[in-house]
1. Looking at the stretch 156-206, which GluC sites (Glu not before Pro) are DSSP coil and have at most 15 other C-beta atoms within 10 Å of their C-beta?
2. Got the relative contact order for the stretch 61-212 handy, in percent, Cα pairs under 8 Å and 6 or more residues apart?
3. Sort out for me the Cα centre separation of the stretch 11-65 from the stretch 187-231, rounded to whole Å.
4. Neighbouring Cβ atoms within 10 Å as the yardstick, rank 11, 225, 125, 206 fewest first.
5. What percent do you get for the relative contact order of the stretch 1-105 when only Cα pairs under 8 Å and 6+ apart count?
6. Between residue 144 and residue 69, what is the spin-label point distance in nm, taking each point 7 Å from the Cα along the Cα→C-beta axis?
7. To the nearest 500 deg cm²/dmol, what mean residue ellipticity at 222 nm is calculated for the chain from DSSP H runs of n ≥ 4 alone, each contributing -39,500 (n - 2.57), summed and divided by the residues?
8. Length gain on complete extension for the stretch residue 127 to residue 213, per 0.36 nm per residue less the alpha carbon to alpha carbon distance?
Amino acid sequence: MIYAQMMEELSPIYITRQLHRLGLFAFTLDTVVTLFGLDRPRAYRLVARMKEQDLITNVEKGKYLLLGFEAERVLSNLFFISTQLVEPGYISFWSALHYYGFTEQVPRTTFVATTKRKSPVTFDSHRFRYVCLQPHKFFGYRRESVGDLPVLLADEAKALLDSLDLPRYAGGLVEVAKALYNALGELNLELLVDYANRLGNKSLNSRLAYLLDIFDHPVEGLILSDSHILLDPSRPPGAIWNSRWRVNVNLTPDQLLAWRES
């Protein structure tokens, strides 16, 4: 616990400085209670005064962002804010694809993978979408410093596989295919195959194998679907059936590769 030498030191500015010193840019009322040895009523009054002085802001009920002396540093970091609202959670899908430069399209929503069900959150006109994954799919992320704040972020391979597993959270199958193509120069394909099999989604594996093949990077070792699956799960079946990868190709080459011409 942190205790001030004199009770009058427990001012909004003092609390702000201590939280800043500890790097606690997101915190709860319980954080203040524990760190400063206060009862909840006094902690609540201090937090209310901090809010009145624009030293903090509510991002969600009971959860605060420390603005203090660097408000823009926190408010502009959507990755940091969105991942503070759920535990566990990491940035993935379209948000991670753009972060890595695999797509130039900037998503209007910040996508967070989690193992918990959580409704979308709107904060200061920004929308955070929380995608619930089965526990065995929650892996392949790392801690990075984004804007000098710590953020859990899917690694390159997992961001692509999360997106290929649930393309509706990454701009659709065509956008994910483009991201995969753009990533091939720096992607560890052995790790990609290992991750894909670990996810246990044979439909994803067939989809991945087909795309890698048409991009001239065929791989071995993927556990494929037992029957034909739709290349794009959001579209009706097409006329072409690829028996090698067990994919119903329901996108024409012009549709799938239109981004090459742009």
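Bear in mind these aren't lab numbers, they're just calculated from the coordinates by the rules spelled out. As the structure is a prediction and not an experimental result, all values here were calculated from the model. Don't worry about glycine lacking a Cβ; one is built from the backbone with ideal geometry, like all the others, and counts go over all protein chains shown.
1. Qualifying residues, ordered by number: 186.
2. Worked out over the stretch 61-212, it gives 21 percent.
3. That distance is 48 Å.
4. With the sparsest Cβ surroundings first, the list reads 125, 11, 225, 206.
5. Relative contact order here is 23 percent.
6. So the two model labels end up 2.9 nm from each other.
7. Rounded to the nearest 500, it is -10500 deg cm²/dmol.
8. This chain segment gains 27.4 nm when fully extended.
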